[in-house]
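> Supplied in structure tokens, the structure appears directly below.
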Amino acid sequence: MEAVITIDVLRRAGADVAVASVEPGSATVAAAWGVKLAADALLADIADAEFDLISLPGGMPGASTFRDCKLLENVVRKHVEKGKLYAAICAAPAVALGTWGLLNGLKATCYPSFMDKLPSEVHAAESRVQIDGKCVTSRGPGTAMEYSVVLVEQLYGKEKAEEVAGLMVMRPQHGVEFSMKELNSTSWNVGETPNILVPIANGTEEMEAAMIIDILRRAKANVVVASLEDKLEVVASRKVKMVADVLLDDALKKQFDLILLPGGLGGAEAYAKSDKLIGLIKKQAEANKLYGAICASPAITLEPHGLLKGKKATSYPAMWNKLADQSECKNRVVVDSNLITSQGPGTSMEFSLAIVEKLFGRERALELAKTMVFV
């Protein structure tokens, strides 16, 4: 989540972002919760390039792999010595930057349970995002969007940062409790390990996909990521390369308790054109089983295929006019019986946590939100 959100938000602002793998000889990495990403390059291939910002996502053992990578340490050290902007989130400030001595004398924050691992020379702060000179640090997945917008502000100024945040439908207040608008409440209890399908395609919004997959796996759901393309790797809307678990045809052989569509205009259009996927969702809806969509997908995929008929829903705000019933669209997350919809990248965490709440109860959702430093 931290990696994908940072890459996505910086690219939205217009930055040329190089995603580099520190894994020896492998551009494909498996992230903490099994999301597979293909980097743009190996670190060794771009180690001599000049950057305006180096940002380290968190996650373990990712952060300790960073710490132990001599090449990365040298690259970051040289960058810092030139007085350039550098940043880290979650475990990475303590585990990597702190160990390398690059936070000494600075105010910094990190994941709550790693605060005691910050060296004594660091002025530990409990802020969601901490800026000290050219160094930006932050706490966890739940602060990753704020962190990324701060990086945009550091690089481009306040106006650009506000523009990017507005288009993502970010929360007006960070760290507060989350809620959903629920109509025609029904039980979503499908057992302890729900089987969930998340289709992805070229043009899928990578932040939305990553948050949905990651958060539901944290909640112990069995999440299958299926590619609509003819190969597992898709190129998402902000050019993050995501690697699915299976092709859609293989997923069609299984039964799912819940089908969830991330947004992204290209992705939503691909879903709408896939007879196999639409057929699967129609069967799901007819059997009164659970399905949901976020951002462009409610308006572009579900609405034209009659999958919002008689239902209250929301979508990306610029697409509300495509919804036949707009009476509840101002809500960030809408649950109507077996359907859940939401607005965009900035509501993805609330969307995913609302699903956790419906499947497992409010307590598990709140516990997860706290673990991610969302609340």
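> Given (1) out of contact with any strand residue (DSSP E or B) (no Cβ under 8 Å at 6 or more places or on another chain); (2) within 19 Å of Arg238 (Cβ to Cβ), identify the lone condition not met by Ala369.
The failed condition is (2).
> Shifting gears a bit: Please list, ordered by residue number, the strands (runs of 3 or more DSSP E) wholly in segment 22-81 having 2 or more residues that are surrounded by fewer than 17 Cβ atoms within 10 Å (Cβ to Cβ) and not basic (Lys, Arg).
28-30
> Only one of Ala251, Ala226, Ala244 is touching a Ser or Thr at 6+ places or on another chain (Cβ under 8 Å) and either closer than 17 Å to Val35 by Cβ or of a type in the set (Gly, Ala, Ser) (or both). Can you tell me which?
Of Ala251, Ala226, Ala244, the one residue that is touching a Ser or Thr at 6+ places or on another chain (Cβ under 8 Å) and either closer than 17 Å to Val35 by Cβ or of a type in the set (Gly, Ala, Ser) (or both) is Ala244.
> Considering only residues that are closer than 23 Å to Thr347 by Cβ and assigned to a strand (DSSP E or B), look in segment 117-144 and name the one that is most open to solvent (accessible area, probe 1.4 Å).
Restricting to residues being closer than 23 Å to Thr347 by Cβ and assigned to a strand (DSSP E or B), the top hit is Val129.
> Moving to a separate point now. Only one of these is at pLDDT 95 or above, part of a loop (DSSP other than H, G, I, E, B) and surrounded by 18 or more Cβ atoms within 10 Å (Cβ to Cβ): Val9, Val17. Name it.
Of the residues listed, the single one that is at pLDDT 95 or above, part of a loop (DSSP other than H, G, I, E, B) and surrounded by 18 or more Cβ atoms within 10 Å (Cβ to Cβ) is Val17.
> Taking only pairs six or more apart or across chains, which ones have beta-carbon atoms under 6 Å, a first residue in segment 9-24 that is at negative phi and of a type in the set (D, E, K, R), and a second residue that is assigned to a helix (DSSP H, G or I) and surrounded by 18 or more Cβ atoms within 10 Å (Cβ to Cβ)?
Arg12/Val164
> Among (1) within 15 Å of Met207 (Cβ to Cβ); (2) of a type outside the set (Val, Ile, Thr); (3) open to solvent by 40 Å² or more (accessible area, probe 1.4 Å), there is one condition Lys309 misses while meeting the rest; what is its number?
Of everything listed in (1) within 15 Å of Met207 (Cβ to Cβ); (2) of a type outside the set (Val, Ile, Thr); (3) open to solvent by 40 Å² or more (accessible area, probe 1.4 Å), Lys309 misses just condition (1).
> What residue, of Val129, Val76, Val122, Val152, is within 23 Å of Asp214 (Cα to Cα) and β-branched (Val, Ile, Thr)?
Val129
> Now, a different point. What single numbered condition from (1) part of a loop (DSSP other than H, G, I, E, B); (2) aliphatic (A, V, I, L, M); (3) in contact (Cβ under 8 Å) with a residue 24 or more places away in the chain fails to hold for Val4?
For Val4, the failing item is (1).
> So which of Val122, Val164, Val150 ends up being closer than 25 Å to Arg332 by Cα and touching a strand residue (DSSP E or B) at 6+ places or on another chain (Cβ under 6 Å)?
Answer to the check: Val150.
> For segment 225-249, give me each residue that is surrounded by fewer than 17 Cβ atoms within 10 Å (Cβ to Cβ) and either closer than 15 Å to Val198 by Cβ or of a type in the set (Gly, Ala, Ser) (or both).
Glu229, Val246, Leu247
> Of the residues in segment 198-249, how many are more than 24 Å from Met145 (Cβ to Cβ) and polar (S, T, N, Q)?
2
> Right, here's the next one. Within the bounds of segment 321-329, is there any residue that is open to solvent by 50 Å² or more (accessible area, probe 1.4 Å), without any contact (Cβ under 8 Å) to a residue 24 or more places away in the chain and in contact with a Ser or Thr (Cβ under 8 Å, 6 or more places away or on another chain)?
yes
> Residues in segment 281-290: is at least one closer than 30 Å to Gly140 by Cβ and either without any contact (Cβ under 8 Å) to a residue 60 or more places away in the chain or not small (Gly, Ala, Ser) (or both)?
yes
> Name every residue in segment 145-172 that is in a helix (DSSP H, G or I) and within 15 Å of the chain's Cα centre (by Cα), in order of residue number.
Met145, Glu146, Tyr147, Ser148, Val149, Ala165
> Follow-up. Kindly evaluate Asn222 against the criterion of being free of Cβ contacts under 8 Å to residues at least 40 places away in the same chain and surrounded by fewer than 17 Cβ atoms within 10 Å (Cβ to Cβ).
So Asn222 fits the description; yes.
Residue-wise test of (1) surrounded by 15 or more Cβ atoms within 10 Å (Cβ to Cβ); (2) at pLDDT 95 or above.
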| residue | (1), (2) |
| --- | --- |
| Ala161 | yes, yes |
| Val169 | yes, yes |
| Pro172 | no, no |
| Phe178 | yes, no |
| Ser187 | no, yes |
| Asn195 | yes, yes |
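> Taking segment 82-94 on its own, how many of its residues are under 22 Å from the mean Cα position of the chain (by Cα), open to solvent by 10 Å² or more (accessible area, probe 1.4 Å) and at negative phi?
Total satisfying the criteria: 1.
> Moving to a separate point now. Free of Cβ contacts under 8 Å to residues at least 60 places away in the same chain, assigned to a helix (DSSP H, G or I) and surrounded by 16 or more Cβ atoms within 10 Å (Cβ to Cβ), is that true of Ile215?
No.
> In segment 191-212, which residues are in a helix (DSSP H, G or I) and of a type outside the set (D, E, K, R)?
Met207, Ala209, Ala210, Met211, Ile212
> Let me ask something else. Any chance you could count how many residues in segment 82-96 are within 25 Å of Pro112 (Cβ to Cβ) and assigned to a loop (DSSP other than H, G, I, E, B)?
2
The values are calculated or read from the model by the stated rules, or taken from the named source; none is laboratory data. Here the structure is a predicted model, which means the values were calculated and not measured. Note that we place each Cβ from the backbone using ideal geometry, even for glycine, and neighbour counts take in every protein chain shown. Side chains included, ligands, DNA and RNA excluded: accessible areas come from the protein's heavy atoms. Shrake-Rupley method; radii C 1.70, N 1.55, O 1.52, S 1.80 Å.
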